[in-house]
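**Student:** Okay, handing you the structure first.
The values are calculated or read from the model by the stated rules, or taken from the named source; none is laboratory data. All figures in this text were calculated on a predicted structure; none of them were measured in a lab. No Cβ is skipped: glycine too gets one built from the backbone with ideal geometry, and neighbour counts run over all protein chains shown. Surface areas here come from the heavy atoms of the whole protein model, side chains and all, with no ligands, DNA or RNA. Shrake-Rupley method; radii C 1.70, N 1.55, O 1.52, S 1.80 Å.
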Amino acid sequence: MNNSSFYERNKAYILTFLGLSLVGFIFLEFLMVIDWDYFMRYKLAILLTGNLDGVLTPPSSTYEAMVNKAFGPGYEAFAPEIIRASNERQLFIWWVFVAEIALFCFMYVKYGRQEAVITRPDDQVQVFSLFQRFVMIANVLIVITLIITGFNITWGLRSGGGDIAFFLRGLHEVTGIAWFPIWLLMSIIAFKDAKLLVKNSLTNKFILPGKYKPMKRIIYFFFVIMGGGLLVSGFLIWFLHPDAFTHGEFIQFKRLLLYIHFGSSVMIMFFMMDFVYSVAVAVKGNIQGIITGKYPREHLEQLAPDVLADIEGKGK
């Protein structure tokens, strides 16, 4: 009988939640200039009333009404942060990558690289189908493309525009649309052992085998959630084009979408780098397995016994 405590059973989830809460508090409290009271009440108003204009209280004067129409309500709550973030990202975004790469270097120094002892290289086990490999590889390539082309938009003030910037922005939008079906398929893979899918012989052929360890499950969940935030906000930003008559009605909502899109992009970059690290660095042989779909049986016995048990029908 398993008498493990609630903390031990949910340790990965609890520590991840506490870590993200700490990082989120520091980020929101010290690194952003925004009226969070208005920000939260505005989102609540959208959910309860469906009103997007952001006018939470009636204007007290004709001048205030004119300002709302010209710049959107609560301009001081949103716009300064957007302008500041746009400029500061161009200067300091590299430090984000330095910090993330330093973290993965620390993990490599501390844990090293896992490697199985292979004495029977010809004894191969089929782990990933062609469908599974397509979804994973396409997802990585598309997200990397979105990150690179998204930087073009971030650094638009410095690039000065031109044909290359125009092409990269168009590529960003087209790639985002193409990512939607891949994201849906990735969502199925992410939630495969979350008791949301009906297990049968057909789904078992298409969904990754084995049960995720808590940390890997968290990474997949966050990746899918942040991807959903990127897709929804990105599509709406692309779709909404306020003109002189609808500017006051939609501009505040578009500012909100910019926050969601940027925040999701920052998070998904980290989880993408974690996936690349785990495949390319943390475990020797993972890249070849992702490409061919096959692993030596001894590799699975030593490093992924749950996957082998599930393939052989012993994990039920």
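**Student:** In whole percent, how big is the carbon plus sulfur part of the accessible area of segment 265-316, probe 1.4 Å, protein atoms only?
**Tutor:** Accessible surface attributable to carbon and sulfur in segment 265-316 totals 61 percent.
**Student:** Apply the Karplus parameterisation 6.51 cos²θ - 1.76 cosθ + 1.60, with θ equal to phi minus 60°, to every residue of segment 120-130 and state each ³J(HN,Hα) to the nearest whole Hz, in sequence, with x for glycine and proline.
**Tutor:** Rounded to whole hertz, the list is 10, x, 7, 7, 9, 10, 6, 9, 10, 7, 4.
**Student:** Quick one: which of K11/K216; K11/K294; K192/K216; K110/K294; K11/K284; K110/K192 span more than 21 angstrom between C-alpha atoms?
**Tutor:** Over 21 Å Cα-Cα: K11/K294; K110/K294; K11/K284; K110/K192.
**Student:** Roughly how many Å² is the accessible area per residue of segment 256-304, as a whole number, for a 1.4 Å probe?
**Tutor:** Ligands and nucleic acids excluded, the figure is 42 Å² per residue.
**Student:** Top to bottom by accessible area (1.4 Å), largest first, where do W183, W95, W238 land?
**Tutor:** Largest to smallest exposure gives the sequence W95, W238, W183.
**Student:** So, one more: So for V232, V279, what's the accessible-area order with a 1.4 Å probe, most first?
**Tutor:** The most accessible residue leads, giving V232, V279.
**Student:** Compute the Cα gyration tensor for segment 227-276, then decide on rounded, prolate or oblate, letting a ≥ b ≥ c be the square roots of its eigenvalues: rounded whenever a/c is under 1.5, prolate when a/b is larger than b/c in the other cases, and oblate in all that remain.
**Tutor:** Prolate.
**Student:** Hey, another quick one. Solvent-accessible area of F17, probe 1.4 Å, all protein chains present, reported in Å² to the nearest ten, please.
**Tutor:** We get 140 Å² for F17.
**Student:** With θ set to phi - 60° and the Karplus curve 6.51 cos²θ - 1.76 cosθ + 1.60, what are the ³J(HN,Hα) couplings of segment 279-292 in order, to the nearest whole Hz, using x for Gly and Pro?
**Tutor:** Per-residue couplings from phi come out as 7, 8, 10, 4, 10, 5, x, 5, 4, 4, x, 5, 6, 8 Hz.
**Student:** Provide the net charge surrounding Q124, with neighbours chosen by a C-beta distance below 12 Å and charges set as Lys +1, Arg +1, Asp -1, Glu -1.
**Tutor:** Cβ neighbours under 12 Å give a net charge of 0.
**Student:** Also, I was wondering about something else. What distance in nm lies between label points placed 7 Å from Cα along the C-beta direction at T62 and L22?
**Tutor:** Between T62 and L22, the simple spin-label model gives 5.6 nm.
**Student:** Kindly state, to the nearest 0.05, the FRET efficiency for L184 paired with V117, given R0 = 45 Å and r defined as their beta-carbon distance.
**Tutor:** E(calc), rounded to 0.05, equals 0.70.
**Student:** Applying the Karplus parametrisation 6.51 cos²θ - 1.76 cosθ + 1.60 with θ = phi - 60° to the phi angles of segment 264-276, what ³J(HN,Hα) value in whole Hz is obtained for each residue in order, glycine and proline being reported as x?
**Tutor:** Karplus-based 3J(HN,Hα) across segment 264-276 equals 5, 5, 4, 5, 5, 4, 5, 5, 5, 5, 5, 5, 5 Hz.
**Student:** Got a sec? What order do T119, T292 fall in by accessible area at 1.4 Å, biggest, i.e. largest, first?
**Tutor:** Descending accessible area places them as T119, T292.
**Student:** Just read off the accessible area of I118 with the full protein assembly in place, 1.4 Å probe, to the nearest 10 Å².
**Tutor:** 70
**Student:** Can you tell me how much longer the chain between I144 and K110 gets when fully stretched, taken as 0.36 nm per residue apart minus their C-alpha distance, in nm with one decimal?
**Tutor:** 9.5 nm
**Student:** Taking the Cα-to-Cβ direction at D35 and at E8 and moving 7 Å from each Cα, how far apart do the two end points lie in nm?
**Tutor:** With each label placed 7 Å out from Cα toward Cβ, I get 5.1 nm.
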